[in-house]
1. When ranked by the protection proxy of mean other Cβ atoms within 10 Å per residue, highest first, what sequence do the peptides 86-95, 159-168, 30-39 form?
2. Find out how many positive minus negative residues lie around Pro67, taking Lys and Arg as positive, Asp and Glu as negative, among other residues whose Cβ is under 11 Å from that of Pro67.
3. Evaluate the charge dipole of the stretch 61-215 about its Cα centre and quote only its size in Debye, nearest 20, assuming +1 on the Cβ of each Lys and Arg and -1 on the Cβ of each Asp and Glu.
4. Could you point to the label whose value was computed as P(r) over Cα pairs in 5 Å bins from 0, in percent for the structure here, given [x] 1, 7, 15, 19, 20, 17, 12, 6, 2, 0; [y] 1, 7, 13, 16, 18, 17, 14, 9, 4, 1, 0; [z] 1, 6, 12, 13, 11, 8, 7, 7, 7, 7, 7, 6, 4, 3, 1, 0, 0?
5. At q = 0.15, 0.21, 0.25 Å⁻¹, what log₁₀ I(q)/I(0) does a Debye calculation on the Cα points of the stretch 6-81 give, no solvent, two decimals?
6. Contact order normalised by length for the chain, with contacts defined as Cα pairs under 8 Å and 6 or more residues apart; what percent is it?
7. Compute the distance from the alpha-carbon center of the stretch 1-55 to that of the stretch 106-142, in whole Å.
8. With an 8 Å cut-off on Cα pairs and a minimum separation of 6 or more residues, tell me the relative contact order of the stretch 46-106 in percent.
Amino acid sequence: MSGPRVLILGPPGAGKGTQSSNIADEFDVEHITTGDALRANKDMDISDMDTEYDTPREYMEAGDLVPDAVVNAIVEEALTSADGFVLDGYPRNLEQAEELEGMTDLDVILSLDVSREELVDRLTGRRVCDDCGANYHVEFNQPEEEGVCDECGGELIQRDDDNEESVNNRLDVFEENTLPVIEHYEDDDAFVAIDGEQTPDEVWADIEAAIEDAN
């Protein structure tokens, strides 16, 4: 039997990455993100698409945004070759949502609900190891020694895009572009809203139950 086909939606800071990893491990499916899919297919021949460059790699190396048409093709390739998946970070807008409907049927559409105030607290409090990239939080996930990574002893820093102004800008972009995607799916039978303000274990219990119910 093939694995479940899961779409996970939610704003930055809602915990999509953590819960996607849980889904991939528990249900033995692929965790597909647009970033990973792009990196895995960066030399894909897109010369027939009448785009500026002939491969995604050239867009990435030039620092340019990869066009939607190319992202759509790469996601479709990743989904087609996966025996079950959790899709994270796509679709980001209604046009991509419409494309996705032509690519695959979804068993579960999860939406992690977290208030804006909570998201700002989570994202501005995040600290990242400058050496190994491990994540911490000044309130929820503190290292054993303040400012020092438990994993490698590296310095913990606040990323430039985790300051309050940048975080609010990212949330504004999410509300403008991706919130309509969530609203688009709300009437779908596969849609399940999850309270993302619970503890990670409680969120996971709700997600696991939703996927098992769908199968």
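No lab work stands behind these numbers, since they all come straight from the coordinates. Since the model is a prediction, treat every value here as computed from it, not as a measurement. Here the Cβ positions follow ideal geometry from the backbone for every residue, glycine too, while neighbour counts run over all protein chains shown.
1. 86-95, 30-39, 159-168
2. Around Pro67, the charge tally is -4.
3. With Lys and Arg at +1 and Asp and Glu at -1, about 340 debye.
4. Read-out taken from this structure: [y].
5. -0.59, -0.95, -1.13
6. Relative contact order comes out at 27 percent.
7. The stretch 1-55 and the stretch 106-142 have Cα centres separated by 19 Å.
8. Relative contact order of the stretch 46-106: 23 percent.
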